[in-house]
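Single-structure report; data block below.
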Amino acid sequence: MNQKTLFYILIAFIVFFIATQLITTLTQKPPFEIAYYRSIMEYDYTGQATFTATAGLFFKDKAKQQQYVSQYQQASTSTFKNYFDDISKKIGRQIDVISMNSTVIERSGILEILEVARLSNVALVQDGIVDTSLKDISIYSVNDSQITVVIPPDAQILTIEPTPTKVVSNQIYWQPSQASMIFPRVIFKKGEKN
């Protein structure tokens, strides 16, 4: 076998190895299953909101759980800010993360992650009308998911999309039955005083 043939075999082997690694990485499932997800988004009249998300993750491998917790604690705030920077670019409105806190605890074999973030300019406000829409951004859900939008108690609701599961006073609930749902669009304004 001459040097040229050996060189081509070596190149073909490297290309095959890289392609195999890429396919393996892209098709690899995360090391956990999402047991439940809860999201509460509380809006005011200024366009600010507090987002509280709770996710329960089940890991079969405790070593992978520890690795995940370590990586999460190092990168959660920057990942969260990067996420809203990306959304800002997509919707053409700068959303700023005022604060973000997270806690991680284990309950009955489920790793529970709680994130509480205060955001500014997350809702569009024009002439006293607040619109929570984030254009075509979707929320990915699991079987046991609940999304809640909370508006001020004296607010008057003008529009709700998609159709909620239920509305109780100033709280609007969705329990998505599919893998994703469009980000809730609630349009409201300050209610008329009697």
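Some values worked out for this structure:
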{"read-out": "Residue within the range 49-72 that is in contact with a strand residue (DSSP E or B) (Cβ under 9 Å, 6 or more places away or on another chain), touching a residue at least 60 places away in the same chain (Cβ under 8 Å) and not in a strand (DSSP E or B) present", "value": "no"}
{"read-out": "Criterion: at pLDDT 85 or above and open to solvent by 50 Å² or more (accessible area, probe 1.4 Å) - qualifying residue of Arg38, Arg93", "value": "Arg38"}
{"read-out": "Matching entry among Leu134, Leu119 (being assigned to a strand (DSSP E or B), under 24 Å from Gln175 (Cβ atoms) and under 18 Å from the mean Cα position of the chain (by Cα))", "value": "Leu119"}
{"read-out": "Residue count for the range 92-106, restricted to those that are part of a strand (DSSP E or B) and more than 14 Å from Ala49 (Cα to Cα)", "value": "6"}
{"read-out": "Qualifying residue in the range 163-174 (condition: of a type outside the set (Gly, Ala, Ser), surrounded by 12 or more Cβ atoms within 10 Å (Cβ to Cβ) and either touching a residue at least 60 places away in the same chain (Cβ under 8 Å) or in contact with a helix residue (DSSP H, G or I) (Cβ under 8 Å, 6 or more places away or on another chain) (or both))", "value": "no"}
{"read-out": "Filter pass, Pro176 being closer than 21 Å to Asp127 by Cβ and either among the aliphatic types (A, V, I, L, M) or part of a loop (DSSP other than H, G, I, E, B) (or both)", "value": "no"}
{"read-out": "The lone exception for Asn101 - which of (1) at pLDDT 90 or above; (2) open to solvent by less than 80 Å² (accessible area, probe 1.4 Å) it fails", "value": "(2)"}
{"read-out": "Conditions (1) modelled with pLDDT of 90 or more; (2) of a type outside the set (Val, Ile, Thr); (3) not in a strand (DSSP E or B): number failed by Asn143", "value": "(1)"}
{"read-out": "Restricting the range 170-194 to residues that are over 15 Å from Met41 (Cα atoms) and of a type in the set (Ser, Thr, Tyr), the residue that is modelled with the lowest pLDDT", "value": "Ser177"}
{"read-out": "Scope the range 107-116; condition open to solvent by 60 Å² or more (accessible area, probe 1.4 Å) and either among the small types (Gly, Ala, Ser) or in a loop (DSSP other than H, G, I, E, B) (or both); matching residues", "value": "Ser108"}
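The values are calculated or read from the model by the stated rules, or taken from the named source; none is laboratory data. This is a predicted model, so every value here is computed, not measured. As a convention, Cβ positions derive from the backbone with ideal geometry for all residues, glycine included, and neighbour counts pool all protein chains shown. Note: areas computed on protein heavy atoms with side chains; ligands, DNA, RNA excluded. Shrake-Rupley method; radii C 1.70, N 1.55, O 1.52, S 1.80 Å.
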